[in-house]
Structures are given as structure tokens and as C-alpha cells.
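The structure under discussion appears below in the form of C-alpha cells.
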Amino acid sequence: MTTLSNSIAFVFDLFMWSFNGLHPIWSMTVISALTGVLMLIIYKYTSNQAEIRKVKDWIKANFLAIILYKDSLKVLFSSTGHIFRANLRYMRLNLVPLLFMIVPVGLLIVQMNFWYGYKPFEPGESILVKATLANVGDLMKAEVSLVVPEGVEIQTPPLRIPNNSEVNWRLGTKQKGHYEIKIHVGGQEMTKTLVVSDRMERLSLLRHASGFWDGLLYPGERVIPSSSLVRSIEVHYQPVFMGVLGWDVHWIIVYFVLSIFFGLALKGVFRVHI
Amino acid sequence: MTKLQKKTIWLVLAIIFFTCKEAFAYIGPGAGFAFISSFFFLIATFFVALFSLLIWPIRFLVTWMRRRKVLARASAKRLVIVGLDGLDPDLVQGLMDKGKMPNFTKLAQQGSFQKLGTSCPALSPVAWSSFMTGCNPARHNIYDFLSRDPQTYLPTLSSAHIGPSKRTLKVGKYAIPLGKPSIKLLRKSKPFWRVLGEHGIFSTVIRVPITFPPERFNGLLLSGMCVPDLRGSQGTFSFYSSREAAEGETTGGIRIAVKKQSNVVRGHLVGPPNSISQRNEDLSIPFEISLSGEKARVVLPDQSFELKKGQYSPWIRLSFKAGLKITVQGIARFMITETGQEFNMYVSPIHIDPGKPAFAISHPRAYALYLSKLLGPYATLGLAEDTWALNEEIINDQAFLDQVYLNHAEREKMLFDALEKNRNGLVVCVFDTTDRIQHMFFRYLNPHHPALKDKDRTEHAGAIEDLYRRMDNLIGRIKERLGDGDEFIVMSDHGFKDFSRGVNINSWLWSNGYMVLKEGGCEGMWLSNVDWSRTRAYAIGLTGIYLNFKGREAHGIVEPGQEEAALKAEIIAKLSGLKDDGNGSGVAINRVWDRSEIYRGGPYQKNAPDMIVGYNEGYRASWDCAQGRVTNEVFEDNIKAWSGDHCVDPAMVPGVLFTSFKLNRDSPRIIDIAPTALALLGTGIPAYMEGKSLIAN
């Protein structure tokens, strides 16, 4: 899963590189258009188009019946009932294409989240780094240290939380750059990337040991070997919102609106009944 | 989808739901589409339902205020009228006597069964106009299918004028219409459902002839007879054939030659004229057909479908691109009739798509759309059953019957939906099935019919009896849906008689010196070779004769007054009792009426033909006469499949009238139905109606 995720990340990085320096809305628009088309195609071939059309026609017919027979309470209630029932059927018909879409769109959203979801640290900002350890005995006495490269400084001594097997540091950034911080535990060394930049970049929030969901959701760095005393290293980047028409909007909402827009706009071209 | 597949899907969904570490708020456009669509429908439904509920008490109060007087007088809560066009009382009686029409028999026992006096002439557009207005033709202005333009002597549709937009903008090869096409209803007077609407009574009116273009009123109406096809005609089929010399126009259709190479046929579907092009060209859609035995796959640019020889496709939606991003949408059925050495394919006239009508075919416009969403595409053409295709032997008897019953099934669904939803007012539905099948299969009731010469007389000998029994079954199913307070009328506009011999009135006028032809004699259609400067009378339509009247016709020569009266009297005297020497000197024409005799007291009498011909049983205007051809022979055998007709002396073809209530007198007339309906539902009868209520007590 990690290999797959990393491969997708590589392709995605290449794609995003072509938008280097542009406002994120441009790359978001293109991604939304492409996924809109892809999802349309998946939807077309994985859904029961004839049934979907039939159910939607039935809903529309009942909707029109309410308007046409507006003096009849019987028609009003029966048609409303038909519409609610047909809506459930419509939702059920959408489950199959939904299943087929979950995987590709899920993988895509993971990648997008690294680009659009967080911003790199800026020089002068503080960083919280959290290392989760395996069983190292008494954590308070364990030999744990952090080594940072030039450009980054350690601002606080390690804060140990034995109940969570966690060790936390606060770091400070001095200048832009792609850094690698090193954590030493019981003679072992484990690294984690750290980005200090004023541009949009792919960010790795977590380096983790093997695990299905972590491998799927955090594919940015090599997996920590299972023999390591470190289970994960997490860097807390700040969430970021996308500026659209003067509003700060979460990127997933922008993606939702744009991908739906492209999907609906192109459904006629691809002859898909949604 | 098998049960195992369904279970697997649910299992996967459950695993994802319960094991996913972080539930994504959104999993892409697919989910979004479903969510948005569903949400939209639910929200829209909620608001429309809420709004309807909120305003319902006000509407109820307003309607009650308007109806309170009529409610007190009404003897029926709902009136259901089913029109079975052309159902013949003698045939019905015969089958009832044999016990083959149990539902009609029960209805007659419960209420009444009588012959219903039809209009003069006994033609559907005339009779149904009289039915809905309660008037004779001089008050509703419909005298035939066709009228004529006195300036050009060319035939025109009597019920509606359909013309292009008056102004256009010419840009390059395009002439863009600046406005809607002009569509005008030529039928005058007021249908009784409009009167009911004025009293707050809601009506559902389905496919009653001469209701196009639809008029506004308190109710729903789907137009019937005279709704054109996408070409603007009253029905033009197309026939694609690999046989040589297949190209050209034929009556009621177009023949198109196609090439069959190995097992592939390519060609273009012929569509409507391009209304935005300055060139006189038809729109078309390319097709490719791959043949495999008796099966074929038809590939159009935007879809493909399977065909099996001798079976109709479902309605296929066709989009013709006119340019400038304008598309014209229609529906048609396809049928392959030959797949051996040669290839033949019939395509029905292209009906207006009720889901996207090029112009209004219903009131309100949404009613046609509603039915389309409810039932899928359905026949919208006025004369939806392609009688010409059978007449021209493009399709066979069985294919025609299949087509008619497919249309009939659609109509039944419309009626049953109306019966379910409109429980308090008027429901009217006219079925054309009875008329069309009798027109085309009456030959089987006459073993000596010329159309059966050297043909199999047995295969469809029972078609008409089967038709009548099906109608009886329909009546039974309708009755099951009626409740207390419902009254029921089953009627036909006229009956039916055999049509074995054709009479060409124009040929008779020519041979008797009333019509003069130019050099070249009998040439051309639509009286194109007539010397109007020396012609005194001419026939257009199925029963009308016109004088070439000075001051009315462009080249009129008959002076009003004495000359007019004398000429009429002369023609009437000669034609009444006209004998057919080729058929044992049988009488071909019972009588001819002067219009002033039969059309009295109406403002539109001046538009009537000057004389109306009442043919004898077995006779009708010949095919040549109907198409304005002058021939050397006045009489000819009718060898077409169209072998039954009603364009005869109206006294010979009364319709039927079954009612669930007792009548107050014998000899009801078609103009009595509208006043009867008004009386049953409690409104007064307007003074313009000439008919009288038939309700006893």
C-alpha cells in the first residue's frame, strides 16, 4: 500500500510541479476537472444507468404531479411519499459506483491534503515535534535525544509523557530550507523531514511504522522499520485555508464545488445519467 | 445483480465504515452527484409540498366558493368520458348479441346504449369538434380535415395554422427566426371543459382530436389529432431500402436508397427541414447498421441499439443538429423488414419528443413532460398510427397492428393515471385504435373487397372482432376504477362502413363540364392543371365541393345570387343518386347537401364547402380525388389496405353512446354530449350550445 501511495505521490508531485508559483486555485481547478471526468466515466460504467434514469424520471413525474394536481391533497401526499421512497432507491443505486470511487478518490484526497491542507513553516515560527516510542522501559529514564540541522533550533528540552509513550520538543526555525531532524533512541537513529518555506509544497506530517491506514494516509516518507524503537514521528504543520473570492475556504469545499460543477457540466458530453 | 454480489457490496461498505481511521468528508464527485441530486429533490419536494399544503386551504376555499352553486346542482362527482373513435353500433350490437362484449352489455343494462347521431360530414375532426363544443360546424368552423386557400386553391389543414416565425435574421447561411413559429387554432367556439373550468371544475383531457394547439383552461390537456410530426406534416414515415430505384417520395412517406456492403448498411436518417438554414435542406443523422442473421445493431452518433427483424424498437430519441448549437429533438420507432439479400428498414414518422417538445403539445406544457417522465417517451403525432405505411405496403398487417397496440397501451396508462389522480371533475380520453384498425382491416369483413384480391383472407380476418373485445376489456378495467358518484360515458364519433369503390368528384365535374383542364389534361396533384378562368366547381377534402366563386376565389367566375343557386341546384340534382355503372349500377352517392340546408345560425358558415357529398355505403372519395388528381375515370376500385371508412352519408354511420345513467330520450346526437356533461356536473348550459342535455329527470 505504501509503495502504491508513494507512486501516486510521485505522479502527483510531478503534476503539481507544473503549477509551481501559481495560486493553488489553478491546480485545484484542473484537478477538479480531471477527477470530475474520471468519476463520470467510473459512474457511467459502474452504475445501472437505465435504473437511475428510471428512478429520476419517477421522482420528477411525482414532483410534477404535485404541481399539476395542486388541488388534490391525495396526490400531494402520495406523490411526496413516492418521492421519498424513490430517493432511497436512488441512494441505493449510487452505492455501487460509490464503492468503485472510494479507492481512487480516497488516494487522491490524501495527496491533495498534503498540498492544500497545511502550510510549511515560515522562518521564525515554532514547531511541535512528537515522537511516539515503542516499549523502551521507563520512558523518563530512557535515552532520547533530538539532533537538528543548521537553520533549526531546539527551543525546549524533551517533554516526556509516559502514559502515551510520547516525547515532544518545541523547535524554532531560522531560515528557509528542507531539513532532516534526527531522533536518537537507545542507540538507534530515526529521521523526519521538515519544510520551512513560503511556497506551497507537499508536506509530510507523519513518518510511521508499517500499518495499513498509516501507509495509505501518510505516504510521504519511508516506513519506520518494525524493529525500531520509534513508532512514529509527527510534525505539527498549521492547517491552511484557500483564499477564494476574498473568502478563506477549506480546500475540500473548493474541491467539492468545483468537481461537482465539472461533473454536472460534462455529464451531457459523456452521456451519463446522474 | 445476484444476492451474493449484493451481500459482498454491503460487507465491503460495512468494513470501510467501521474500520476507516478517518472518515473523509467527501469522497469525490460521484458521491457528490448522488448527494446533491438527492438533496435537491428532497428539498424541492419539501418546499413544494409545504407550499401546496399552506395554500391548499385558500385554494379549497376559492374553489368551493366558485363551485358551491354547481355542487348543489351536480348529479355526478366525477364524469369519465371514453371516446372510442369509430366504434360502430351495429358491430357492437352483433358482438353483444353473441355474448362477446360482457362489459358493454353490463353498462347498457345499468344505463343505456343508443346510436349516436354524428356530424355532417361524418369525419373525426368535425364530429369531435361538435362533441366538445355542442355546436354544428357553422359554429366551430371545422368541416373536414382539409380546407382550401381560395387565393391559391391549395389545400390547408382545417384545424390549425402552423407557420414559421414572421421575422428572421440572416447571418451567413443561417436565417435565425426572431420569434416563435406562428401556431393558431382554427377551431372556434368553446369546449365544455373550459366552461367547467370557469366554475372551478378541474378536467383532464387526453388526446381529444382538434385540441392542437392546446388552449388554456382549468385542467390538463394533451393534444390529439392534428399535432404535427417533427417535419411539420401529419405523419411522414421513411423507408430505407437497398433495392435500386427505391429513392423518392411516396404517399405519406419518403423512400431512401441505401447501400448494403457485406453485412453493413450505411445511410442518413432524414429529419425535419432545417428551420434556421437558408438552404432548403433537411436535417439528418448518420447511421450504420451491422446485420447478423435476422438481428441488427443500429449505431447512431450518440447511441446504439439492437433490432430484430419484424419487431419495433422502443421509442428512440433522435437529436438533429441544426447548427448554432440548436438541436431539434424527436422520437421514432425503427423496424427492419428485410435482412436477406436486400435490406429494408421502416422508420416511423418522427414524433415530437414529449420530454423536450419543440412547441406546446399540452396544457400546461409541463403535462406532456409529466407523462413523459411517468411513462417514458410516447406517441405525440396526431395521427400516430401509420396507416400510410401499410397502405403503401412498407409494413405488413401484423406490423401495423403491433404499432397501433403499442400506442394504445401508452394511452391506457395515461387514462388510468388520470383516473387515479383526478377524482373530482372531468376525465376525457379518446382512443384512436378503433378508428385506425377498422380503416385498415375492414376489408376482412367483406370477402369481395378489391383489396383482398389474390391475398390471404384468413390471417387477420378476426382483427376487428379482436379489437372490439379488447375495447370491451378496457371498459371493464375502467369500470373497476370508478366509484360512488362517478358517471361514465363511452362514445364514438361515428361508425364504420366498407370502402370498396372510390368516386373522383373532380373527374365527374370535369367530365360534366364544370371543371376545365389546361393543355395536357389529367396531370399533377392538387388540381395543378385546372384552368380556373373557366372552372365553375371543384372538390377539395373528402366530402366538400366548392364553387369557383367570384370575389371569393382568386379566379372566381360564378356570380353570387341566381347563377350560384342554379349551379348548386344543378350539381346537387345530378350528383344525388349518382350511379356506378362499373358496379352493377349501384347508387354511389345518396345525396348532396347545399350548405345553407345543414349549417344554420353560425358565424363560420361562410367557410363551409358550398356542397357536402353524402356517399352511399361502399363508396368514398377516391384516393386520386383526395389528392386533387383529375382522372379519366370517375369510379375506381379501392385496392388499398385502407378499406373501411365513414366519409359517407352521416345517417349511415352513427356512433355509439353507452352511459351509466338513463337517457331522457332516443336519438341522441353528438352535440348533446357537451350539454349533458355540463348538466351532470351542475353548471348551466351556455346559449351558444345547440345540443340538449340527455339526463333523465
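Considering only the other residues whose Cβ falls under 13 Å of the Cβ of B:S189, what net charge follows from Lys and Arg at +1 and Asp and Glu at -1? Overall, the nearby charge balance is +3. Among the residues of A:75-84, the average count of other protein chain beta-carbon atoms within 10 Å of the residue beta-carbon is 4.
In terms of Cα to Cα distance under 12 Å, which aspartates and glutamates are near enough to B:K479, apart from those fewer than 8 places away along the same chain? Straight-line reach from B:K479, under 12 Å: B:E487. The share of C-alpha pairs in chain B whose separation exceeds 32 Å stands at 57 percent.
Output the DSSP H helices from chain A with an along-axis C-alpha extent of no less than 18 Å and a mean Kyte-Doolittle hydropathy no less than 1.6. Within chain A the helices that satisfy the rule are A:251-266. Bridge orientation summary for region A:119-239: considering DSSP beta bridges with both residues in this region, about 95 percent are antiparallel.
On a straight-distance basis, which lysines could pair with B:K173 in a cross-link, Cα separation under 28 angstrom, same-chain partners fewer than 8 positions away excluded? Within the straight-line cut-off, B:K173 pairs with B:K321, B:K325, B:K356. Only counting other Cβ atoms within 10 Å, I'd like B:T133, B:T204, B:T152 sorted with the fewest neighbours first. By the 10 Å Cβ count, ascending, the order reads B:T152, B:T204, B:T133.
Mean partner shielding of peptide A:94-105, defined as the number of other chain Cβ atoms within 10 Å of each residue Cβ, is 6.
Counting only DSSP beta bridges with both residues in chain B, tell me the antiparallel percent, nearest 5.
On the way: 85 of 119 bridges.
Taking every DSSP beta bridge within chain B, about 70 percent pair in antiparallel fashion.
Which pairs, out of A:K141/A:K182; B:K69/B:K662; B:K115/B:K692, put more than 21 Å between their alpha-carbon atoms? B:K69/B:K662, as the Cα separations exceed 21 Å there. Averaged over the residues of A:255-262, the number of partner chain Cβ atoms lying within 10 Å of the residue Cβ comes to 4. If only the Cβ of Lys and Arg carry +1 and only the Cβ of Asp and Glu carry -1, the dipole of region A:1-118 around its Cα centre is close to 660 debye. Farthest toward the positive end of the dipole of chain B, out of B:S124, B:V82, B:Y405, is the Cα of B:V82, where the dipole comes from beta carbon charges about the Cα centre. Largest first, the extents of the alpha carbon coordinates of region A:83-178 on the three principal axes equal 63, 37, 22 Å. Basic side chains Lys and Arg get +1 at the Cβ, acidic Asp and Glu get -1 at the Cβ, and with that the dipole of the protein assembly as shown about its Cα centre reaches some 2520 debye. Here region B:232-351 is assigned +1 on the Cβ of each Lys and Arg and -1 on the Cβ of each Asp and Glu. Its dipole about the Cα centre then comes out at about 260 debye. Only aspartates and glutamates eight or more places from B:K190 in sequence, or on another chain, were considered; those with a Cα closer than 12 Å are B:E198, B:E215.
Taking the DSSP beta bridges with both ends in region B:206-358, the antiparallel portion is around 85 percent. The order of A:V223, B:V613, going from fewest to most other C-beta atoms within 10 Å of their C-beta, is A:V223, B:V613.
Taking region B:500-647 as the region of interest, the number of lysine pairs whose Cα atoms are within less than 25 Å, with members eight or more places apart or on different chains, is 10. Equivalent ellipsoid of region B:232-351: semi-axes from √(5λ) of the C-alpha gyration tensor, largest first, are 23, 16, 13 Å.
Exposure proxy shown here: for B:R207, B:R411, the number of other Cβ atoms within 10 Å sets the order, fewest to most, as B:R411, B:R207.
Quick one: pull the percentage of alpha-carbon pairs in the protein assembly as shown with a separation above 58 Å.
30 percent
All alpha carbon pair distances within region A:119-239 were sorted into 5 Å bins beginning at 0; the resulting P(r) in whole percents reads 2, 11, 23, 24, 20, 13, 6, 1, 0.
None of the figures in this text is laboratory data; all of them are computed from the coordinates on show. Computed from a predicted model, the values in this text were never measured in an experiment. With ideal geometry, Cβ positions are generated from the backbone for all residues, glycine too; neighbour counts draw on all protein chains shown.
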